[in-house]
1. Tell me yes or no: at least one residue of segment 55-75 is without any contact (Cβ under 8 Å) to a residue 60 or more places away in the chain, under 17 Å from residue 3 (Cβ atoms) and in a strand (DSSP E or B).
2. Give the residues of segment 1-34 that are among the aliphatic types (A, V, I, L, M) and at pLDDT 95 or above, sorted by residue number.
3. Taking residue 39 as the residue in question, decide whether it is in contact with a Gly (Cβ under 9 Å, 6 or more places away or on another chain) and touching a residue at least 24 places away in the same chain (Cβ under 8 Å).
4. Any residue in segment 35-49 that is more than 13 Å from the chain's Cα centre (by Cα), surrounded by fewer than 17 Cβ atoms within 10 Å (Cβ to Cβ), outside any loop (DSSP other than H, G, I, E, B) and not aromatic (Phe, Trp, Tyr)?
5. Considering only residues that are more than 20 Å from residue 50 (Cβ to Cβ) and of a type in the set (A, V, I, L, M, F, W, C), which ones fall in segment 16-29?
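The values are calculated or read from the model by the stated rules, or taken from the named source; none is laboratory data. Since the structure is predicted, the reported quantities are computational estimates derived from the model, not experimental observations. Neighbour counts are summed over all protein chains in view; Cβ atoms, including those assigned to glycine, are modelled from backbone coordinates with ideal geometry.
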Amino acid sequence: MQCEVCGNDYDKPLEIVVNGISHYFDSFECAIHALAPECEHCGCKIIGHGIEAGGNFFRCAHCAHEEGVVSVQDRA
């Protein structure tokens with residue numbers, strides 16, 4: 001199978017099914033690049049829990065606060 005991101009033809013691809021559609025990647029790095037949501041504030045890929053507020057995704061409470069979302073906080 002060929003990786004959807006980098007095009008590498010790999011004999012042991014990762015298959016990740018999203019909403020019933022199969023996606024194929026040669027590494028977790030490519031899968032994250034293609035499928036992980038981006039923080040509305042800083043643009044980083046969210047690979048942890050993240051925060052969802054008002055239909056937007058944020059990497060952390062700091063980023064949410066920077067966009068005016070005050071009702072969230074990070075756990076320390």
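1. Kept after step one, since they are without any contact (Cβ under 8 Å) to a residue 60 or more places away in the chain, are these residues of segment 55-75: 55-75.
From what is left, the residues that are under 17 Å from residue 3 (Cβ atoms) are none.
No, segment 55-75 has no match at all.
2. Residues satisfying the conditions are 5, 14, 16, 17, 18, 21, 31, 32, 34.
3. On the way: in contact with a Gly (Cβ under 9 Å, 6 or more places away or on another chain): yes; touching a residue at least 24 places away in the same chain (Cβ under 8 Å): yes.
Spelling it out, residue 39 is indeed in contact with a Gly (Cβ under 9 Å, 6 or more places away or on another chain) and touching a residue at least 24 places away in the same chain (Cβ under 8 Å).
4. No: zero hits.
5. 17, 21, 25
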